[in-house]
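Trainee: I have a structure I would like to understand better, so I am pasting it below and will then ask my questions one at a time.
The values are calculated or read from the model by the stated rules, or taken from the named source; none is laboratory data. The structure presented is a predicted model; accordingly, all values stated were derived computationally and were not measured. For neighbour counting, all protein chains shown are included, and Cβ atoms are generated from backbone atoms with ideal geometry for every residue, glycine included.
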Amino acid sequence: MSKSEGLAPHTVVSESTKATRRDFLQGAIAVAGTLATTGVPSPTAAAQSPQKRPNLVYFLGEGQRADALSLAGHPILKTPNHDRIGTEGVRFNNAFCTNALCAPARAAALTGMYSRSTGALSNEHLGKPLPSDIPLFTDLLKQAGHEIAILGKVHMHNGVEDRNWDYYFGHNDPGNNYVDPFFKEGRNGIVGPQKQYHNVYPDDLTTDKALEWIDQDRGDKPFCILIWFVAPHEPFFRPRRHLDLYNGVPIPKPATFDDDLKGYPGKPKSFIDAENKIGTTYSHVACGSLEGMTKDYYAGLVAVDENIGRVLDHLEKKGILDDTAILHTSDHGYFLGEWRCFDKRLMHEPSLRVPMMLRYPKRVKAGTVRDEMVLDIDIAPTLLDIAGVSTPSHMQGKSILPLAARPEPTFRKEWYYEYYEWPNPEHVAPHRGIRTEQYKLIQYVMDPTEGELYDLKSDPGERTNLYNKPEHAKLQAHLEQRLETLRTSYPERQKI
C-alpha cells in the first residue's frame, strides 16, 4: 500500500515511520544507481526475455474531463477511438489528479510522486530541470531495455530535455501556436534548437512524428512512447477540418452556472474572488462565453480522438497492437461553466476528475470497469509493472494493473490534494484537501478560517457546504486530522 493511504481511519503516522527527505533522496539515488547498472526486472518478469516485454503507449490528454468521452455517456461529444481503449480494456470511473495544474500534474505522472515531494509545485520556473536524483519512470524503462520517446506538449520543468530520450519531439509551451507551432527535436539524449513549423495543426504533426518513430527498426527492443496532446488547451483553436463542427448545436447550462447571480451560496470568499469565471478577464478572451468555449473545447477533443485512432490503426496494421499496452488519461479536468468557472486548479470535481483507461489484452479483460480511486501518481508504477520493472520504494503511487484482474475495495480509501501556485492568472488561492470515497474537505491556505466540506454521496454537485456547521463538527475535525496526517506523511522538498 502507498504510504498512509491504506491506514485505518484513526491511524496516525508516527515520526519513526514517517519518511524523511534524506531517506527519500538516498532511496531515489540508490534505485536509480542500481537500475543503471543492472536493469533488475520485477519477479513477475524474471522469466521473460527482453523481446517479450510489451511496448507501451501513453496518451496524455490536456484538460480532458472525465466525462468528456462518448463512452462516459456524453450527449454531444463523440470519441470512438478513446472509447475503443476503454471498451477493449479497463476503465476507471474514479480517477483523479493530485494537483490540477499542467506542470505539476505531469511531474506527478512521470515520477509517481506528489508535488510536495518533487518540488514541482506550479507552472513557474519551467526552465529549471527536475532534480536529477528523481528518476522518471521512462528512465527506469530505458535502463531495463526499452527505447523511450516523448512527443507533444511536455510543459514541465526544462521540458525534461535533460533526460536521455531516444527520441524527443516536444514543446514546453502551455498552448503552443496552433497554426504555426514550435517544437524541439532530438535523438539519443541530445535535443536540438526550437523550430517553427507552418500551416500544420500541432497534434497532427506530433502524431505524424510518433508514427515515424514507431516504424523505426529497433530489433527486439520494446518501445515506450509518450504522446501528449496540446488540444483542447486555451485558446482552443480547431484544425481546419472542424471549423464548422457543432454549428447549431445547443450547449446546456450547468445547474450552477448562475450561482454568481445568487451570491455564490455556501462558497467561501477565496472561491468567490477567484477570476476563473467565464467572461471576466481580458487575459482569457477565448473564455468569453459558455457556448463558444465549450464547442471549441469539444472540437479539439474530436481532433485528439482522430489522432488516437491513427495510432491504434497503425499499431494494428503492424500486427503489434495486442503486444502494446495503451494507457490513456489526462493531466487534469476542466470547468465548463460549473459555478460559471473555466480552467482548473480548484479541488472541485470537474477540475479534479480525469479519464483513465488501459488496454492490454494479455493482462486486461475487455469491458472491465472499476470504481476504486486511482491517481496520477499511480501511472508510473503501473507502466513499470506492465513492463516487468520493479517500482522504486520512493514512489508514492501504486500499480493499478491488479485492479484489471479483480476489484480491491481497500485499494485506496482517502488521498491528499494540494494546489500551490500564487500569484496566478486566475487569482485562485492556494489550498489543500482530502478526498475520501464519500467526503471532501478543502482548506484555503491563506485564510485558514475558510474551507469547504461536502458529502459527495448525497451532494455530488458540491452545492451544500457543510464547513463549520455545528452538526458536522465531529466529521470536520476527523477529516482535518486525516488531512494533516497525510500531508506530513509525504516528505517535502524545496520548491524548484
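Trainee: Given (1) β-branched (Val, Ile, Thr); (2) under 24 Å from Glu426 (Cα atoms); (3) in contact with a Cys (Cβ under 7 Å, 6 or more places away or on another chain), where does Val154 come up short, assuming only one miss?
Mentor: With (1) β-branched (Val, Ile, Thr); (2) under 24 Å from Glu426 (Cα atoms); (3) in contact with a Cys (Cβ under 7 Å, 6 or more places away or on another chain) applied to Val154, the lone miss is (3).
Trainee: Another one. Quick one: what pairs do we get from the range 281-307, first residue without any contact (Cβ under 8 Å) to a residue 12 or more places away in the chain, second assigned to a helix (DSSP H, G or I), C-beta under 8 Å, 6+ apart or different chains?
Mentor: Short answer, once both residue conditions are applied: Gly292/Ala286.
Trainee: For the range 218-265, name all the residues that are among the aromatic types (Phe, Trp, Tyr) and in a strand (DSSP E or B).
Mentor: Selection gives Phe223, Trp228.
Trainee: Looking only at the range 441-489, count how many residues are in a loop (DSSP other than H, G, I, E, B) and small (Gly, Ala, Ser).
Mentor: Total satisfying the criteria: 2.
Trainee: Can you name the residue in the range 317-362 that is farther than 26 Å from Arg106 by Cβ, basic (Lys, Arg) and in contact (Cβ under 8 Å) with a residue 40 or more places away in the chain and, of all such residues, is surrounded by the fewest Cβ atoms within 10 Å (Cβ to Cβ)?
Mentor: Lys362
Trainee: Would you call Leu126 in contact with a helix residue (DSSP H, G or I) (Cβ under 8 Å, 6 or more places away or on another chain), modelled with pLDDT under 95, under 29 Å from Gly300 (Cα atoms) and aliphatic (A, V, I, L, M)?
Mentor: Judged against the criteria, Leu126 is a match.
Trainee: Also: Considering every residue within the range 58-78, establish whether at least one is surrounded by 24 or more Cβ atoms within 10 Å (Cβ to Cβ), part of a loop (DSSP other than H, G, I, E, B), touching a residue at least 40 places away in the same chain (Cβ under 8 Å) and of a type in the set (Lys, Arg).
Mentor: yes
Trainee: Considering only the range 141-170, state which residues are in contact with a Pro (Cβ under 9 Å, 6 or more places away or on another chain), among the aliphatic types (A, V, I, L, M) and either assigned to a strand (DSSP E or B) or on the phi < 0 side of the Ramachandran plot (or both).
Mentor: Those that are in contact with a Pro (Cβ under 9 Å, 6 or more places away or on another chain), among the aliphatic types (A, V, I, L, M) and either assigned to a strand (DSSP E or B) or on the phi < 0 side of the Ramachandran plot (or both): Leu141, Ala144, Met156.
Trainee: Here is a further query. If we scan the range 193-203, do we find a residue that is in contact (Cβ under 8 Å) with a residue 24 or more places away in the chain, part of a strand (DSSP E or B), over 24 Å from Thr382 (Cβ atoms) and not polar (S, T, N, Q)? Even if it seems obvious, please write down each step before you answer.
Mentor: From the range 193-203, those in contact (Cβ under 8 Å) with a residue 24 or more places away in the chain are 201-203; that's our starting set.
After this cut, where a residue has to be part of a strand (DSSP E or B) as well, the list is none.
So far as the range 193-203 goes, no, none of its residues is in contact (Cβ under 8 Å) with a residue 24 or more places away in the chain, part of a strand (DSSP E or B), over 24 Å from Thr382 (Cβ atoms) and not polar (S, T, N, Q).
Trainee: Considering only the range 91-114, I want to know if a residue exists there that is more than 17 Å from Trp415 (Cα to Cα), out of contact with any Asp or Glu (no Cβ under 7 Å at 6 or more places or on another chain) and part of a loop (DSSP other than H, G, I, E, B).
Mentor: No, the conditions are met nowhere in the range 91-114.
Trainee: Give the residues of the range 297-328 that are of a type in the set (Ser, Thr, Tyr) and touching a helix residue (DSSP H, G or I) at 6+ places or on another chain (Cβ under 7 Å), sorted by residue number.
Mentor: Going residue by residue through the range 297-328, those that are of a type in the set (Ser, Thr, Tyr) are 297-298, 324.
Matches in the range 297-328: Thr324 only.
Trainee: Ok, one more. Inspect the range 202-225 for any residue being at pLDDT below 95, at positive phi and in contact with a helix residue (DSSP H, G or I) (Cβ under 9 Å, 6 or more places away or on another chain) and give the result as yes or no.
Mentor: yes
Trainee: Taking Arg493 as meeting all but one of (1) modelled with pLDDT of 95 or more; (2) touching a Phe, Trp or Tyr at 6+ places or on another chain (Cβ under 9 Å), write down the number of the exception.
Mentor: (1)
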